[in-house]
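To keep things clear, I will list the structure first and then write my remarks on it.
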Amino acid sequence: MSKKHVAVLMGGFSSERPVSLASGGECAAELERAGYPVTRVDVDRNLSARLAELRPDVVFNALHGPYGEDGTVQGILEYLQIPYTHSGVLASAVTMDKDLSKRLAKTFGIPVAESKVMDRHQIGSRHPMQPPYVVKPVTEGSSFGVVIVDANQSHPPQIITSDEWAYGDRVMVERYVHGRELTCAVMGDVALGVTEIIPQGHAFYDYDSKYVPGGSKHVCPAEISPNIYQQVTKLALKAHQAFGCRGVTRSDFRYDDRFSENGELIWLEINTQPGMTATSLVPEIALAAGHSFAELLEWMVEDASCMR
């Protein structure tokens, strides 16, 4: 039986275009090696016409950031009735908004850090929250625009209100949670495992830590107590299901074990379009759980659907 024709969407016009091109390129190449007919689509404003012309059996969505993972492209694919990977319109839109997703997570008993949303111009010269805290764009990914304000800093960083800021005026001010960076991948209705991310030469898991080789060390599986490990997997699966996600997601956490092993475990966000590059976390976690990169991608293609 011939395999499905897969159109891999990549590129696009968000800040994460380079990441998407890398993810899409690697996924397309691996799917071709697995025997799938693949068409690479660098997404532009003519996407609907391009897909109507190609008539693929499945769309593999390797886009990142606004338009690609916020429900926009998902809506186009629903309209065209082309089965696609990852989450649907509503789940994608809700999870892309950090404030909305945190509010919803809290109602499901998922622990989150205290935060508030502000117009960045309102921050001015006075701290909007007792430092340390984090300022982050509400609808960006890959740690774009994330600023950590240390406890000894006398005023907010000027970059937040400067003309150089390129991430929108709506920002989240969130209590900084000390500790370790943990992440958990979910595949369907199964939490695959937990990895600890240790940035190398960076204060936190920023863009370079994520995508530059050697920018971070991944400990997979994470060397944490069985109790905390189980809590992370339960919370990641709960978030995946609470938001109505499908396919593959990844939830990020902070774990503060400075004073006790139980410590404080905080859910940060869920990523409905996790990266699929050579340094990406989900393929690594999947491999540790017994799924090769090819098997992971094939599962995602076969899991694709509409009305998600």
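The values are calculated or read from the model by the stated rules, or taken from the named source; none is laboratory data. Since the model is a prediction, treat every value here as computed from it, not as a measurement. Heads up, the Cβs are rebuilt from the backbone with ideal geometry, glycines too, and the neighbour counts pull from every protein chain shown. Note: accessible area is taken over every heavy atom of the protein model, side chains too, but ligands, DNA and RNA are not part of it. Shrake-Rupley method; radii C 1.70, N 1.55, O 1.52, S 1.80 Å.
Would you confirm whether or not the range 239-253 contains a residue that is part of a strand (DSSP E or B), of a type in the set (K, R) and at pLDDT 95 or above?
Scanning the range 239-253, I find at least one residue that is part of a strand (DSSP E or B), of a type in the set (K, R) and at pLDDT 95 or above, so the answer is yes.
How about the range 76-105: which of its residues are at pLDDT 95 or above and assigned to a loop (DSSP other than H, G, I, E, B)?
Correct list: Q81, I82, P83, T85, H86, S87, G88.
Within the range 57-72, track down each residue that is in contact with a Phe, Trp or Tyr (Cβ under 6 Å, 6 or more places away or on another chain) and either more than 15 Å from G247 (Cβ to Cβ) or outside any strand (DSSP E or B) (or both).
Hits for the range 57-72: nothing passes.
Can you pull out every residue in the range 76-119 that is closer than 29 Å to I160 by Cα, of a type in the set (G, A, S) and open to solvent by 10 Å² or more (accessible area, probe 1.4 Å)?
A93, S115
Just for the range 147-167: of the residues that are under 20 Å from F13 (Cα atoms) and in contact (Cβ under 8 Å) with a residue 40 or more places away in the chain, which one is least open to solvent (accessible area, probe 1.4 Å)?
W165
Mind counting the residues in the range 58-75 that are under 19 Å from R17 (Cβ atoms), out of contact with any Leu (no Cβ under 8 Å at 6 or more places or on another chain) and open to solvent by less than 30 Å² (accessible area, probe 1.4 Å)?
3
Looking only at the range 206-238, filter to residues that are among the charged types (D, E, K, R) and open to solvent by less than 60 Å² (accessible area, probe 1.4 Å); which one of those is modelled with the lowest pLDDT?
Per the criteria, the residue is D206.
Which of (1) open to solvent by 40 Å² or more (accessible area, probe 1.4 Å); (2) in contact (Cβ under 8 Å) with a residue 60 or more places away in the chain; (3) among the charged types (D, E, K, R); (4) not in a loop (DSSP other than H, G, I, E, B) does K4 not meet, given it meets every other one?
Every listed condition holds for K4 apart from (4).
Quick check on the range 120-134. Is at least one of its residues surrounded by 21 or more Cβ atoms within 10 Å (Cβ to Cβ), under 24 Å from L63 (Cα atoms) and either among the aliphatic types (A, V, I, L, M) or touching a residue at least 12 places away in the same chain (Cβ under 8 Å) (or both)?
no
Could you tell me how many of the residues in the range 92-131 are under 24 Å from the mean Cα position of the chain (by Cα) and either over 21 Å from S15 (Cβ atoms) or among the hydrophobic types (A, V, I, L, M, F, W, C) (or both)?
21
Out of curiosity, is G24 assigned to a helix (DSSP H, G or I) and under 19 Å from G247 (Cα atoms)?
Yes: the conditions hold for G24.
Hey, A29 hits all of (1) of a type in the set (A, V, I, L, M); (2) part of a helix (DSSP H, G or I); (3) touching a helix residue (DSSP H, G or I) at 6+ places or on another chain (Cβ under 8 Å) but one; which does it fall short on?
(3)
Pick from R55, R40: which is basic (K, R) and surrounded by fewer than 16 Cβ atoms within 10 Å (Cβ to Cβ)?
After applying the criteria, what remains is R55.
I'd like to know if the range 18-37 contains one or more residues that are basic (K, R) and over 21 Å from A294 (Cα atoms).
Within the range 18-37 (the criterion being basic (K, R) and over 21 Å from A294 (Cα atoms)), the answer is no, since none of the residues qualifies.
Residue under question is R45, and the condition is that it be within 19 Å of Q81 (Cα to Cα), open to solvent by 10 Å² or more (accessible area, probe 1.4 Å) and modelled with pLDDT of 95 or more; does it hold?
So R45 fails the test.
A quick yes/no check of all residues on (1) open to solvent by less than 20 Å² (accessible area, probe 1.4 Å); (2) within 16 Å of the chain's Cα centre (by Cα); (3) of a type outside the set (V, I, T):
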{"residue": "Q241", "(1), (2), (3)": "no, yes, yes"}
{"residue": "G244", "(1), (2), (3)": "no, yes, yes"}
{"residue": "G247", "(1), (2), (3)": "yes, yes, yes"}
{"residue": "F253", "(1), (2), (3)": "yes, yes, yes"}
{"residue": "D257", "(1), (2), (3)": "no, no, yes"}
{"residue": "L268", "(1), (2), (3)": "no, yes, yes"}
{"residue": "P274", "(1), (2), (3)": "yes, yes, yes"}
{"residue": "I285", "(1), (2), (3)": "yes, yes, no"}
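In the range 295-302, is there at least one residue being open to solvent by 40 Å² or more (accessible area, probe 1.4 Å), touching a residue at least 40 places away in the same chain (Cβ under 8 Å), closer than 16 Å to M96 by Cα and among the acidic types (D, E)?
Among the residues of the range 295-302, not one is open to solvent by 40 Å² or more (accessible area, probe 1.4 Å), touching a residue at least 40 places away in the same chain (Cβ under 8 Å), closer than 16 Å to M96 by Cα and among the acidic types (D, E), which makes the answer no.
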